[in-house]
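Visitor: My questions all concern the structure below.
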Amino acid sequence: MHSSLRFASAALASLLIAIPQADAAFPTTALKAICLQQIHSPTNILNAADGSGRLFICDQPGVIYIIQNGMLLPAPFLNLSAPAGGPVLGLTTGYSERGLLGMAFHPGFSNPQSPGYRKFYLNYTKTAGVGDPAPPQVGDPVNCTTVIAEFEVSAGNPNVALPGSERRLLLYTQPQSNHNGGQLEFGPDGFLYIGVGDGGSQDDNNAGHTGGSAARPTTGLGNSQDRTRFLGKILRIDPLDPDGAGPLTYSIPASNPFFNDLTPGIKKEIYAFGLRNPWKFCFDSRPGGTNRMFCGDVGGGRIEEVNIIVSGGNYGWRYKEGFEFPLFSSGAASAMPPGTPMADPGLGPYLEAIAQYAHPLVVTNPVLPQLGLSITGGYVYRGSAIPGLVGKYVFGDYGALGATLDGRLMGLEETTPGSGVFTLTNALPLLGTPNPITTHRVLCLGEDESGEIYVGLKTNTGVLLLDPPTTGFPAGGIYKFVPVQNTTTTLVPTHDNTIFSENTPVPPTTGYPSDALGYLWAGRTGPNHGPYLRRALMAFDVAGQVPSAAVVRSARLELQVFKNGPSSFGQTMSLHRLNETWGEGTSRNGLGVGTGAQATIGDATWVRRFFDTSSWTTPGGTFVATPSATRSYAGTPFAFNSTPALVADVQGWITNPASNAGWILRGDEVLEEAVVAFMSLQEGFSPPSLEINYDLAEPLTRFESWLRTPFNGGRFRVGEFVDVLADREGDGTVELLEYAYGFSPFDSQPVTAGLEVTAAYGTPDTVATITFRRDPRATDLNYYLETGSDLIGWTIITQSIGGADPTGIGFASEYSAPGDDAIRVVVANETLPSPAKRFVRLRVTQQASESSSPIP
């Protein structure tokens, strides 16, 4: 999977050379958690292209799961793990590159007329045993055997594969435990492509590697350059059994580059060679794509590569790593001194990578960015949810530093279509703090039927190591790239006020000055009024008007000037975050002269936060000494443009609404007649305005939010299965209908609470009135109100599809449900001749799965 003897420390690495990085070319996206703590070590994420919307997840120990309608189905699609008696060799809590490594569905999987109907293919490693092929050379070590096998899906249950249907196509031995490749993909030509690593160890130069031995000679050819061996290659075959009989259980396309090569022992299955460990590759074959094959080839000790694979191409390993000649040996296991040149086998020309990058602390000439250790590979985005990502290659790196969980997601974009020149984005702009990538290993990427991209992550390096060990849950997770919407909203204060430093009663009363409903004053007055200080307070309902998941990009506060003192121009005004809440009563000086008025109950004054009950900890307002923003006064309009501190203030108030005490505005408090008066919420024509620009990821759907209810005894794991047709509280209403009605799944409700029928009997007709509840936010649901004279034939009289308004011959009206404005009560009528017998049912289906639950 990754690199050699350093287990996780030498894997990902390949960015573009000599092309400037272009981070801005990639849109900001987010990662939405799809399934957490239910998979150990995801090695593949793929779809069957059969219209089912299912995601298939390969878990490295040998189990394949299905994610359907946002949930991991409890029964595996196929279990080939050693504990279940399957052929995949046993794995432990330690790091390993063996196991279930690849899966691909035949292009004709869903077509009953295709010979590939219900067939899929796996790439896994098993313990070497009887009947396996002999190693290429007598005496070569055999650590394990790679199996490329065909399986079939049950004809009666599409969510169950048949372990007994296994037909082994191709087997080859691995001399060491690492560098097994593993990827399987069908190309646009309909053939199966197989990624094969060089056999492991280091430098393609140990025992079991052509010309190699424990002494590590410098002249050996290596497996990757030896076309009489499968290792270090991309293979291409037609996996279907050509005649239904042995010995060949697949066929070799005549268009393979070495099909007509008469070299003794040459493997005609080879499509490309000179690869070290092609962990993941993909074809850009969706509509709008180029059909090119992108491959992440894991490097040795120095450089990672992204290659475009072409027929017959030689990508240089072991003689060449990235652009470097010669290859430098590294690692304590090597008998060659670092810097020893490898002998050129003379099989070039060697094709250049389209992108490459160096490992941390590795200096190259020319210089490459030091980005990662083990390239994971990825996919060209051809989905529709994120238009700015279309045509870009998104890929990952297992870990940037090795010692910590610090994976990386990157991207390549072709500078001009068809040019073959790419720019690298060394870290995709991802919304969220902390970003899950920074605390995970990146194991794989994958696609759903729509071309949306997913990433498989893991919180540790051991295959069966739990996360953390005390939880008892697996450490793997599946995330989806989702779009981010950028929004700007403008808020006015919920309350504002001015406090006055005259800590004396306002004659002839015993109150203290405030001006809750007047103008906002900040700065030092002149001799006619003291001189005294004025400070303006303002607070905005940020959490109430900006979604809690928003990530603030900028915050700008603008105020309109009412009047100013003659010394105010050029003087600094500052905005500080308040640490204590305060009040706005009803005091008002309607003259606009800045002397304030008698404070009323709840007003803020210089000494009191709330008059006359609560004091400031520090008179004059308790605030952060370091200003969030400063600005020289230059007239109207006056604005504090966005600063990191302003952004932090607003973000903090979103995250923790209780901390929002607003800001205090201070003018020059030394220079006389430097005071400035601003329009307020109640005084003047334009109150203060706070402009917030923020990013927001695609929100959870109504069903996803509902699934996050702690169904399983208070425990919650993202993507955990919930049986929507169960009735856990035994009230006669299954979970799907409670979701459709907007009921809590834990509160018992009578059946008539969601669906009720009444009849008005008359002559000659009877009018049946039917009401049912629906949730317009549940856009995944279809509601069908049906009637019939028996329990066989049904007529739809009212329906609501995907949250849309009801329609149909029986629809009469709808209104908000009592106590819950989000839920609608639909009213339908049907006129029947008297006497009449009529059955009524509400059929609710989920669009993703069309699971239904009719209630008669």
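The values are calculated or read from the model by the stated rules, or taken from the named source; none is laboratory data. Predicted, not measured: the structure shown is a model, and the values here were computed from it. Positions of Cβ are backbone-derived with ideal geometry, glycine not excepted, and every protein chain shown enters the neighbour counts. Each accessible area value is taken on the protein alone, full model and side chains, heavy atoms only, with ligands, DNA and RNA left out. Shrake-Rupley method; radii C 1.70, N 1.55, O 1.52, S 1.80 Å.
Visitor: Please note which strands (runs of 3 or more DSSP E) are completely contained in region 538-586 and include at least 1 residues that are over 23 Å from I499 (Cα atoms), among the aromatic types (F, W, Y) and touching a Leu at 6+ places or on another chain (Cβ under 7 Å). Let's see the steps before the verdict.
Guide: Details: elements: 551-559, 561-564, 572-577.
Those strands (runs of 3 or more DSSP E) do not exist here; none qualify.
Visitor: Could I ask something else about it? Identify all residues within region 597-610 that are open to solvent by 10 Å² or more (accessible area, probe 1.4 Å), over 25 Å from R631 (Cβ atoms) and part of a loop (DSSP other than H, G, I, E, B); write none if there are none. Walk me through how you get there before you give the answer.
Guide: We begin by selecting, within region 597-610, every residue open to solvent by 10 Å² or more (accessible area, probe 1.4 Å); these are 597-598, 600-602, 606-610.
Then keep just the ones that are over 25 Å from R631 (Cβ atoms); that gives 597-598, 600-602, 607-610.
Listed by number, the residues that qualify are T600, I601, G602, V607.
Visitor: Does A539 fit the bill of being closer than 26 Å to T490 by Cα and not basic (K, R)? I'd like the intermediate steps shown before the answer.
Guide: Numbers: closer than 26 Å to T490 by Cα: yes; not basic (K, R): yes.
Taking the combined requirement at face value, the residue satisfies it.
Visitor: Is it the case that region 558-566 has a residue that's closer than 30 Å to I39 by Cα, open to solvent by 20 Å² or more (accessible area, probe 1.4 Å) and out of contact with any helix residue (DSSP H, G or I) (no Cβ under 6 Å at 6 or more places or on another chain)? Break it down stepwise before answering.
Guide: Taking region 558-566 as the starting set, the residues that turn out to be closer than 30 Å to I39 by Cα are none.
No, the conditions are met nowhere in region 558-566.
Visitor: Another one. Return the residues of region 27-43 that are of a type outside the set (G, A, S) and open to solvent by 10 Å² or more (accessible area, probe 1.4 Å); say none if nothing qualifies. If you could, list the steps in order and put the result at the bottom.
Guide: Step one: filter region 27-43 for residues of a type outside the set (G, A, S), giving 27-29, 31-32, 34-40, 42-43.
Of everything in region 27-43, those that are of a type outside the set (G, A, S) and open to solvent by 10 Å² or more (accessible area, probe 1.4 Å) turn out to be P27, T28, L31, K32, I34, L36, Q37, Q38, H40.
Visitor: State which residue is most open to solvent (accessible area, probe 1.4 Å) when the search covers only region 740-753 and only residues that are closer than 19 Å to T845 by Cα and under 36 Å from the mean Cα position of the chain (by Cα).
Guide: Here the answer is S744.
Visitor: Considering region 622-668 alone, what residues qualify as being open to solvent by less than 30 Å² (accessible area, probe 1.4 Å) and in contact with a Leu (Cβ under 6 Å, 6 or more places away or on another chain)?
Guide: Result: S628, A629, F638, F640, A661, G662, W663, I664, L665.
Visitor: Pairs needed: first member in region 626-639, touching a residue at least 12 places away in the same chain (Cβ under 8 Å); second member anywhere, loosely packed, with under 12 Cβ neighbours inside 10 Å; C-beta distance under 8 Å; at least 6 residues apart or different chains.
Guide: Once the first residue is touching a residue at least 12 places away in the same chain (Cβ under 8 Å) and sits in region 626-639, its partners that are loosely packed, with under 12 Cβ neighbours inside 10 Å give S632/G570; Y633/G570; A634/G570.
Visitor: In region 44-69, how many are crowded, with 24+ Cβ neighbours inside 10 Å and farther than 17 Å from V153 by Cα?
Guide: Counting residues in region 44-69 that are crowded, with 24+ Cβ neighbours inside 10 Å and farther than 17 Å from V153 by Cα gives 5.
Visitor: State the number of residues belonging to region 767-811 that are of a type in the set (S, T, N, Q), within 39 Å of the chain's Cα centre (by Cα) and closer than 18 Å to L755 by Cα.
Guide: Within region 767-811, the first condition is being of a type in the set (S, T, N, Q), and the residues that meet it are 769, 771, 779, 782, 787, 789, 795, 798-800, 807.
Okay, now just the ones that are also within 39 Å of the chain's Cα centre (by Cα), so 779, 782, 798-800, 807.
Imposing the further condition that a residue be closer than 18 Å to L755 by Cα reduces the set to 782, 798-800, 807.
Number of matching residues: 5.
Visitor: Taking the condition of being assigned to a strand (DSSP E or B) and without any contact (Cβ under 8 Å) to a residue 40 or more places away in the chain, how many residues in region 211-267 meet it? Even if it seems obvious, please write down each step before you answer.
Guide: Filtering region 211-267 down to residues assigned to a strand (DSSP E or B) leaves 233-238, 251.
If we keep only those that are without any contact (Cβ under 8 Å) to a residue 40 or more places away in the chain too, we end up with 251.
Count: 1.
Visitor: Is it the case, given these coordinates, that A768 is among the hydrophobic types (A, V, I, L, M, F, W, C), exposed (fewer than 12 other Cβ atoms within 10 Å of the Cβ) and modelled with pLDDT under 95? Please lay out each step first, then the result.
Guide: Working: among the hydrophobic types (A, V, I, L, M, F, W, C): yes; exposed (fewer than 12 other Cβ atoms within 10 Å of the Cβ): no; modelled with pLDDT under 95: yes.
Judged against the criteria, A768 is not a match.
Visitor: Among the listed residues L401, L351, L405, L412, identify the single one that is in contact (Cβ under 8 Å) with a residue 40 or more places away in the chain and either part of a strand (DSSP E or B) or buried (at least 24 other Cβ atoms within 10 Å of the Cβ) (or both). Write out each step before concluding.
Guide: Working: L401 fails: either part of a strand (DSSP E or B) or buried (at least 24 other Cβ atoms within 10 Å of the Cβ) (or both); L351 fails: either part of a strand (DSSP E or B) or buried (at least 24 other Cβ atoms within 10 Å of the Cβ) (or both); L405 fails: either part of a strand (DSSP E or B) or buried (at least 24 other Cβ atoms within 10 Å of the Cβ) (or both).
Selected residue: L412, the only one of L401, L351, L405, L412 that is in contact (Cβ under 8 Å) with a residue 40 or more places away in the chain and either part of a strand (DSSP E or B) or buried (at least 24 other Cβ atoms within 10 Å of the Cβ) (or both).
Visitor: Name the pairs: first residue in region 695-711 and at negative phi, second residue assigned to a helix (DSSP H, G or I), Cβ to Cβ under 6 Å, at least 6 apart or on different chains?
Guide: Listed by first residue and then by second, the contacts come to W706/Y739.
Visitor: Residues of region 703-724 being surrounded by fewer than 19 Cβ atoms within 10 Å (Cβ to Cβ) and farther than 23 Å from F56 by Cβ, which ones?
Guide: Result: S705, R708, T709, P710, N712, G713, G714, R715, F716.
Visitor: Determine if region 389-398 includes at least one residue that is in a loop (DSSP other than H, G, I, E, B), open to solvent by 10 Å² or more (accessible area, probe 1.4 Å) and under 22 Å from L457 (Cβ atoms).
Guide: At the first step, the residues of region 389-398 found to be in a loop (DSSP other than H, G, I, E, B) are 390-392, 398.
Filter once more, keeping what is open to solvent by 10 Å² or more (accessible area, probe 1.4 Å): 390-392.
Going one step further and asking which of them are under 22 Å from L457 (Cβ atoms), we end up with 392.
Yes: one or more hits.
Visitor: For R292, which of the numbered conditions (1) in contact with a Ser or Thr (Cβ under 6 Å, 6 or more places away or on another chain); (2) at pLDDT 95 or above fails to hold?
Guide: (1)
Visitor: Take the residues of region 365-388 that are free of Cβ contacts under 8 Å to residues at least 40 places away in the same chain and assigned to a loop (DSSP other than H, G, I, E, B): which is surrounded by the most Cβ atoms within 10 Å (Cβ to Cβ)?
Guide: Among those that are free of Cβ contacts under 8 Å to residues at least 40 places away in the same chain and assigned to a loop (DSSP other than H, G, I, E, B), it is V367.
Visitor: Quick check on this structure: which one of G212, G208 is of a type outside the set (S, T, N, Q), closer than 20 Å to A343 by Cβ and touching a Pro at 6+ places or on another chain (Cβ under 7 Å)? Steps first, answer last, please.
Guide: Values: G212 fails: touching a Pro at 6+ places or on another chain (Cβ under 7 Å).
The unique qualifying residue is G208.
Visitor: Can you tell me which residue among D821, D790, D805, D780 is open to solvent by 20 Å² or more (accessible area, probe 1.4 Å) and in contact with a helix residue (DSSP H, G or I) (Cβ under 7 Å, 6 or more places away or on another chain)? Give the steps one after another, and end with the answer.
Guide: Working: D821 fails: in contact with a helix residue (DSSP H, G or I) (Cβ under 7 Å, 6 or more places away or on another chain); D790 fails: in contact with a helix residue (DSSP H, G or I) (Cβ under 7 Å, 6 or more places away or on another chain); D805 fails: in contact with a helix residue (DSSP H, G or I) (Cβ under 7 Å, 6 or more places away or on another chain).
Matching residue, one of D821, D790, D805, D780: D780.
Visitor: With the requirement that a residue be assigned to a strand (DSSP E or B) and under 11 Å from G456 (Cβ atoms), what does region 56-79 give you? First the steps, then the outcome.
Guide: So in region 56-79, the residues assigned to a strand (DSSP E or B) come out as 56-59, 63-68, 71-72, 78-79.
Passing the criteria: I57, C58, D59.
Visitor: Now, a different point. Please determine whether any residue of region 569-583 is more than 45 Å from the chain's Cα centre (by Cα), of a type in the set (D, E) and over 19 Å from V675 (Cβ atoms). Please lay out each step first, then the result.
Guide: Keep residues of region 569-583 that are more than 45 Å from the chain's Cα centre (by Cα), which gives 569-571.
Now restrict to residues that are of a type in the set (D, E): none.
Scanning region 569-583, I find no residue that is more than 45 Å from the chain's Cα centre (by Cα), of a type in the set (D, E) and over 19 Å from V675 (Cβ atoms), so the answer is no.
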